[in-house]
Every structure is written in structure tokens, then in C-alpha cells.
Amino acid sequence: MAATLMQAAVLYGKEDVRLEAVPVPAIEAGEMLVRVRTALTCGTDVKVFRRGYHARMIRPPALFGHELAGDVVALGDGVQKFKPGQRVVAANSAPCDRCFFCRRGQQNLCDDLLFNNGAYAEYIRIPERIVHKNTYVIPEGLAYRDAAMVEPLACALRGLDETGVQPGDTVAVLGLGPIGLMFVRLARFAFGTRVISIARRVEQIDQALLLGSQEGILLSKNSELHSDSAVISEIKARTGGRGADVVIEAVGVPAAWELATRLVRKGGLINFFGGCAAGSKVGLDTDVLHYSEITCKASFHHTPAHIARSLELLADGTMNAGSFINHEEPLSRLPKVLDDLAHHKNGQIKTAIIP
């Protein structure tokens with residue numbers, strides 16, 4: 001490969017992403033260099049853009065982006081699973097498989113969870129551990145943009161696994177950004193549940209209905225989110241006065257966490273999937289939680305097994321990029337795309353960035 005410099009997005013801080021010419025990553029033994037064919041925007045990247053950092057995944061200044069699919073360009077010594085020219089999708093992390101948490105099947109909580117960023121670029125280096133544990137050949141016939149969805153889909157898939165949801169359960173999805181819409185699709189068609197979608201904008205409800213949600217409820221414009229009485233009444237009315245069996249909170253603000261506790265039935269479960277900003281505090285009614293035996297969970301990240309299962313769901317058509325990716329832009333437009341997503345402009349859900 002003749003090129004020594006490439007275009008890449010560098011995160012410097014709050015709403016400060018710059019396109020720069022940087023060296024093409026050098027690879028060492030066990031590593032892989034991938035030419036990025038498609039990188040996808042996601043809710044996590046938008047939150048990182050707005051906040052300027054992510055406590056676990058990225059601290060500026062740093063190469064940015066983590067959902068990608070591309071072609072193998074070069075292999076470090078010792079890599080035998082792959083060959084140049086293959087189409088691959090690499091997850092953004094890999095566990096150690098040795099620590100306390102890995103040995104107990106909680107690889108997402110690995111004490112040495114290795115993260116990788118840099119998808120918004122012409123090329124990306126895949127570290128040895130991710131090459132070995134969490135990189136996959138893209139199935140024949142699956143487009144790059146479909147394969148690149150595997151990481152967020154794996155997070156949603158694990159979130160539903162963690163709820164113990166059963167066919168026929170009523171699942172309320174609160175928040176219909178890209179990840180909330182993935183929950184809708186998975187809950188309906190991979191888990192066989194009844195889905196009620198809740199969001200602020202009509203277009204979000206419409207999209208959820210297209211993806212399989214049986215019902216939709218708009219949040220009130222004039223009510224405090226944490227105590228939206230109209231939504232609470234609607235959920236009760238549609239569930240025999242009980243509330244949803246499972247509530248997935250996919251907004252990531254304390255008020256939405258509080259509202260979720262008012263939408264679930266006695267004995268039900270809430271998954272606080274949306275991560276709030278560091279230092280956030282939530283006020284929950286302990287009387288409701290205790291006497292109604294509410295189970296509260298929070299799901300973070302994915303495991304290699306969920307990445308593999310997600311790739312299968314994409315390959316068999318259960319999920320596809322066409323339902324989620326409604327814009328395509330060159331890498332040079334990334335700062336504008338992130339600004340539009342952060343401020344809900346132009347009706348974007350996910351955007352495919354093509355280096």
C-alpha cells in the first residue's frame with residue numbers, strides 16, 4: 001500500500017470533531033489493517049460528540065468512530081484466520097477471558113476490556129485481541145452497511161437476553177433513536193413479543209410501526225417527562241390496568257429512568273439501557289419498587305457471542321440496514337452529520353459514512 005497518510009476524524013472535545021491527515025496505522029504481529037468501506041453513526045457516538053468524551057471507550061484527542069465494515073489490506077505476523085481482500089466486520093472491543101468477570105460469563109464487564117476506535121477514517125488498525133476474538137468474515141451477499149450494524153445490534157440483543165423476555169410478553173420501548181428502533185425490531189421478530197413504542201415525535205412512532213411495533217404512544221409536550229400522566233394512563237389502558245411486562249429505557253436521561261418505573265407492571269422488569277451522563281442522579285419511588293417487586297437492570301455493551309448472533313440475524317434478513325440507515329455521506333461531511341444528529345436536524349436515524 002503506497003499511501004502513508006489518510007483522512008480521519010479526530011475527537012478533540014465537546015462538539016469538536018476535525019478531519020485531519022494522519023498516518024496510516026502501522027500494524028504489529030497479530031494485528032490487521034482494514035480499509036473502511038462503511039462506517040455508521042450511532043447514538044453513542046452522538047453522545048460522545050455532545051459530551052466530548054466517553055469514560056470507558058474514548059478520551060480526546062483520539063480517532064473517532066467504532067461501527068465499521070471493510071476489506072483486509074494487510075496482516076501482521078501470525079494472523080492465519082484471515083487473508084488480504086476478505087470482507088470483514090470487526091467489533092469495537094474484546095474481553096480478556098481470564099479475569100473474574102470473564103470467567104463468570106460477564107465478558108462485557110471484563111476488567112481489561114479492550115476498546116478500539118477510529119472507524120471514521122480511510123483505514124483502521126484492528127488490535128490482535130479483537131482480530132482473534134471478535135472479527136468476522138462478512139457472509140456472501142451481505143452488504144457492508146448491513147454488516148457494520150452488527151455492534152449496536154449485539155448490544156440490543158444482549159439487552160433483551162438480560163431481560164428474560166418471553167414470547168407474548170408486552171415490551172414497552174421508551175425512546176426511538178437507532179438503538180430503540182433495534183429493540184423494537186428484535187423484540188417483535190426475534191423474541192415474539194408485543195411491542196408498544198413511546199417517543200416524542202410522530203415520525204419516530206411511524207418508523208417503529210414500520211419495523212414491527214404493534215402500537216405507539218406519543219409523549220406529552222406539556223408534561224414533565226418523569227411523570228407523564230397521559231402516557232402512564234395509556235400504558236395501563238392497553239395492558240389491562242397492569243403496565244408492561246418489560247420496559248426498555250433507551251433515552252439516557254434521569255427523567256426517562258423515572259418514567260420507566262411508572263410504566264412497568266407489578267413483578268415486571270425495567271432495563272435501564274440508555275446511559276446517562278456521568279454524575280447523574282435518579283430519584284426512584286422505593287415504595288413502588290419494593291411492594292411491586294420491580295426488577296431494575298442496566299445492560300452495558302455486548303459479548304463476542306452476541307456479535308456472532310447479530311451477524312446471523314443480519315445475514316438471514318431478520319434485521320437490515322435499509323430500515324435504519326436513511327442517509328449516506330462522505331467522510332468530509334462527518335462534522336456536519338454529527339451536528340445534525342445531535343440537534344435532531346434533517347430527520348436522520350443512522351448515516352453511512354463512506355471514506
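The values are calculated or read from the model by the stated rules, or taken from the named source; none is laboratory data. Model, not experiment: these values are computed from the prediction. Positions of Cβ are generated from backbone atoms using ideal geometry, with glycine treated the same way; all protein chains shown enter the neighbour counts.
Before moving on, here are some points about what is shown:
- Among the candidates Gly240, Gly252, residue that is farther than 11 Å from Leu174 by Cβ, surrounded by fewer than 21 Cβ atoms within 10 Å (Cβ to Cβ) and not acidic (Asp, Glu): Gly240
- Single residue of Ala143, Ala148 found to be closer than 22 Å to Thr41 by Cα, in contact (Cβ under 8 Å) with a residue 12 or more places away in the chain and out of contact with any strand residue (DSSP E or B) (no Cβ under 6 Å at 6 or more places or on another chain): Ala143
- When region 294-305 is filtered for residues that are over 18 Å from Trp257 (Cβ atoms) and either assigned by TED's automatic domain parsing to the domain that holds Glu67 or not in a helix (DSSP H, G or I) (or both), the ones remaining, listed by number, are His301, His302, Thr303.
- In this structure, Gly105 does not satisfy being surrounded by 15 or more Cβ atoms within 10 Å (Cβ to Cβ) and part of a loop (DSSP other than H, G, I, E, B).
- Taken together, Glu15, Glu28 contain a single residue that is among the charged types (D, E, K, R) and at pLDDT 95 or above, which is Glu28.
- Residue count for region 277-297, restricted to those that are small (Gly, Ala, Ser) and surrounded by 15 or more Cβ atoms within 10 Å (Cβ to Cβ): 1
- In summary, Asp45 fulfils each of the numbered conditions (1) closer than 23 Å to His327 by Cβ; (2) over 16 Å from the mean Cα position of the chain (by Cα); (3) at pLDDT below 95 with the single exception of condition (2).
- The criterion of at least 2 residues that are under 20 Å from the mean Cα position of the chain (by Cα) and buried (at least 24 other Cβ atoms within 10 Å of the Cβ) is met by the following helices (runs of 4 or more DSSP H) wholly inside region 117-184: 144-147, 150-163.
- Residue tally, condition in a loop (DSSP other than H, G, I, E, B) and free of Cβ contacts under 8 Å to residues at least 24 places away in the same chain, over region 77-102: 6
- Search result, residues across region 322-339 that are surrounded by 18 or more Cβ atoms within 10 Å (Cβ to Cβ) and more than 14 Å from Pro178 (Cβ to Cβ): Leu331, Leu334
- Looking only at residues of region 320-355 that are touching an Asp or Glu at 6+ places or on another chain (Cβ under 8 Å) and aliphatic (A, V, I, L, M), we find that the one that is nearest to Ala143 (Cα to Cα) is Ala321.
- Contact map, region 111-134: residues that are not assigned by TED's automatic domain parsing to the domain that holds Tyr53 paired with residues that are surrounded by fewer than 22 Cβ atoms within 10 Å (Cβ to Cβ), Cβ distance under 6 Å, separation 6+ or inter-chain. No pairs are found.
- One residue alone among Glu234, Glu215, Glu249 is touching a helix residue (DSSP H, G or I) at 6+ places or on another chain (Cβ under 9 Å), among the acidic types (Asp, Glu) and farther than 22 Å from Glu151 by Cβ, and that residue is Glu215.
- Taken across region 5-24, residues that are under 17 Å from Gly76 (Cα atoms), out of contact with any Ser or Thr (no Cβ under 7 Å at 6 or more places or on another chain) and either not in a strand (DSSP E or B) or not assigned by TED's automatic domain parsing to the domain that holds Lys336 (or both) do not occur at all.
- Glu249 vs. criteria without any contact (Cβ under 8 Å) to a residue 24 or more places away in the chain and within 24 Å of Glu162 (Cβ to Cβ): no
- Conditions (1) in a strand (DSSP E or B); (2) in contact with a His (Cβ under 6 Å, 6 or more places away or on another chain); number of the one not met by Asn271: (2)
- Members of region 337-351 found to be touching a Pro at 6+ places or on another chain (Cβ under 9 Å) and among the β-branched types (Val, Ile, Thr), listed by number: Ile349
- Residue within region 311-322 that is at negative phi and among the acidic types (Asp, Glu) present: yes
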